[in-house]
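S.K.: I have a structure here, written as structure tokens, and I will follow up with some questions on it.
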Amino acid sequence: MVSRRSTQPRLLKKPPRSFFLFGPRGVGKSTWLSQVLPHARRFDLLDSRLFLELTGRPDRLESMVGNARRGSWVCIDEVQRVPVLLNEAHRLIESRGWHFALSGSSARKLRRGGTNLLGGRAITRLLEPFVSPELGDRFDLDAAIQWGQLPLVALDSRARADVLESYVHTYLKEEVREEGLIRRVEPFIRFLEIAGLLNGEQVVASNVARDAAVPRSSVDVYFSILEDTLLCHRLPAFVPRARVREQAHSKLYWFDPGVARAAAGLLGDAVDATWRGRALETLVFHELRVHNHVSGKRRKMAFYRTRQGAEIDFVVQTAAGTGSERPSIVCIEVKHATRWDDRWEKPMRELASSGAVRMKRMFGVYRGAEVLVREGVEVLPVREFLRRLHAGQVF
């Protein structure tokens, strides 16, 4: 299994200068760094001996690297465990001309420690679970919806439930308890299960606080932990200049549908139609985010929902509205169905005709096999949509 992971190509490309590589645990950050920087000097701060040595003497880093030439690469894994090392990295970038690749699962501890993330001398890159073109023929849509696309899950189906259950417990132990992100673990565990159940839904923090039996202020902290550790992403409501009142609450999506299912405590239950629908949305959102990042397009994404409940799953803003100019958008509606219903197109068509936006493209994504073109709405099977997305043909 290790050898299979080591040869799996990723879409993310190595930057030409020093960079932070952030991503949730288990997505293959160390493996990717080994692929793109095979000759770099490496330091893994999960090594207890190295962790203790550099915590007490961060200035030892220079002598450990040795007489590397200018332009040489140095990789530090789990850099958030010793934030003071960023001062050394900063100095060595300036004095020795070395490039640093600094990986971690969160910038939260770095920011909390008052570090400045190298004052702009390092750019940021994100690595997430596999996307469909990285897996190629190994991409299994049904498995991705049910189990997600973490490398250990996508490349080895023998113990997927055990891997996902262990993932959540490991996260609680290593990311939350050991790094002191919260005072008590038990309320956070109750919150985590509710957050898993909320995958793909709008979040009302007061309701979460009531259901988890924790203070509202704690809920805000807990959600910020999930976002800072890149386990969850908020999708805001799109607000066009239209004469309707939009809902302000954002949607919550986990970074991986399998991890969401594990957090919700549903690994032993059959996956029902509602969960499959949310999981497919989660998968599409994941692929949208990865394409947006690796392509460098940096488009804003949102969802659209009126007070009457009409909804569009994803709105990608391809050009901002400034002054009298309307924003340009691409709309995407996702359905876990094998037959397309033209009623699902109505919210997109109404928004297009509202005069509040410039509608560039409208897509329907479904589990059927036919490609349909319906008066401006392109209805595509999931695989075909993902192929066009990563080919740059969606936005």
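S.K.: If I take R0 = 25 Å and measure r between the Cβ atoms of Asp137 and Ala391 in this structure, what FRET efficiency does the formula 1/(1 + (r/R0)^6) give, to the nearest 0.05?
M.R.: Taking R0 as 25 Å, the efficiency between Asp137 and Ala391 is 0.90.
S.K.: Starting from the Cα of Lys360, draw a straight line to each of the lysines and keep only those under 25 Å, dropping any in the same chain fewer than 8 residues away.
M.R.: Straight-distance partners of Lys360: Lys251, Lys297, Lys300, Lys335, Lys346.
S.K.: What list do you get for Ile329, Ile123, Ile312, Ile189 if you sort them by fewest beta carbons within 10 Å?
M.R.: In order of increasing Cβ crowding within 10 Å: Ile123, Ile189, Ile312, Ile329.
S.K.: Moving on to the next point. Taking each pair of different alpha-carbon atoms in the range 1-135 once, compute 1/r for the pair, average those values, and report the inverse of that mean as the Kirkwood hydrodynamic radius in Å to one decimal.
M.R.: 15.3 Å
S.K.: Have a look at Leu50, Pro24, Leu37 and report the one farthest towards the positive end of the charge dipole of the range 1-97, computed about the Cα centre with Cβ charges (Lys/Arg +1, Asp/Glu -1).
M.R.: Leu37
S.K.: For a quick check: sort Asp142, Asp156 by the number of other beta carbons within 10 angstrom, fewest at the front.
M.R.: By the 10 Å Cβ count, ascending, the order reads Asp142, Asp156.
S.K.: Then there's this: For each of Arg70, Arg305, Arg190, count neighbouring Cβ atoms within 10 Å of the residue's Cβ, then give the residues from fewest to most.
M.R.: In increasing order of surrounding Cβ atoms, one gets Arg70, Arg190, Arg305.
S.K.: Placing +1 on the Cβ of each Lys and Arg and -1 on the Cβ of each Asp and Glu in the range 344-392, which of Leu389, Pro347, Val357 has its Cα farthest towards the positive end of the resulting dipole?
M.R.: Leu389
S.K.: Would you mind computing, in nm to one decimal, how far apart the modelled labels at His249 and Val84 are, each placed 7 Å from Cα along Cα→Cβ?
M.R.: 4.5 nm
S.K.: Between Ala159 and Arg276, what is the FRET efficiency for a Förster distance of 22 Å, r being their Cβ-Cβ separation, to the nearest 0.05?
M.R.: In this case the efficiency is close to 0.50.
S.K.: Please give the FRET efficiency for Glu201 paired with Glu53, using the beta carbon to beta carbon distance and R0 = 45 Å, rounded to the nearest 0.05.
M.R.: Calculated transfer efficiency: 0.45.
S.K.: Can you pull the one-decimal nm distance between simple spin-label points at His39 and Lys360, each 7 Å off the Cα toward Cβ?
M.R.: Inter-label distance under the simple model: 4.1 nm.
S.K.: On full extension of the chain, what length is gained from Arg17 through Lys297, given 0.36 nm per residue of separation minus the C-alpha to C-alpha distance?
M.R.: 98.9 nm
S.K.: Another one. Taking the Cα-to-Cβ direction at Leu46 and at Thr338 and moving 7 Å from each Cα, how far apart do the two end points lie in nm?
M.R.: Inter-label distance under the simple model: 4.1 nm.
S.K.: If you project the alpha carbons of the chain onto the principal axes, what extent comes out on each, in Å, largest first?
M.R.: Cα spread of the chain along its principal axes, largest to smallest: 66, 46, 45 Å.
S.K.: Still on this model: Rounding to the nearest 20 debye, state how big the charge dipole of the chain is about its Cα centre with +1 on each Lys and Arg Cβ and -1 on each Asp and Glu Cβ.
M.R.: For the chain, the charge dipole is close to 1280 debye.
S.K.: Another question about this same structure. Can you list the HN-Hα couplings for the range 309-326, worked out from phi with the Karplus curve (6.51, -1.76, 1.60; θ = phi - 60°), rounded to whole Hz and with x for Gly and Pro?
M.R.: Each residue of the range 309-326 in turn: x, 5, 9, 10, 4, 9, 10, 9, 8, 8, 7, 6, x, 10, x, 8, 7, 7 Hz.
The numbers here are math on the coordinates, done by the rules we state, and not lab data. Being a predicted model, the structure only gives us computed values, none of them experimental. Methodologically, a virtual Cβ is constructed for each residue, glycine included, from the backbone with ideal geometry; neighbour enumeration extends over all protein chains shown.
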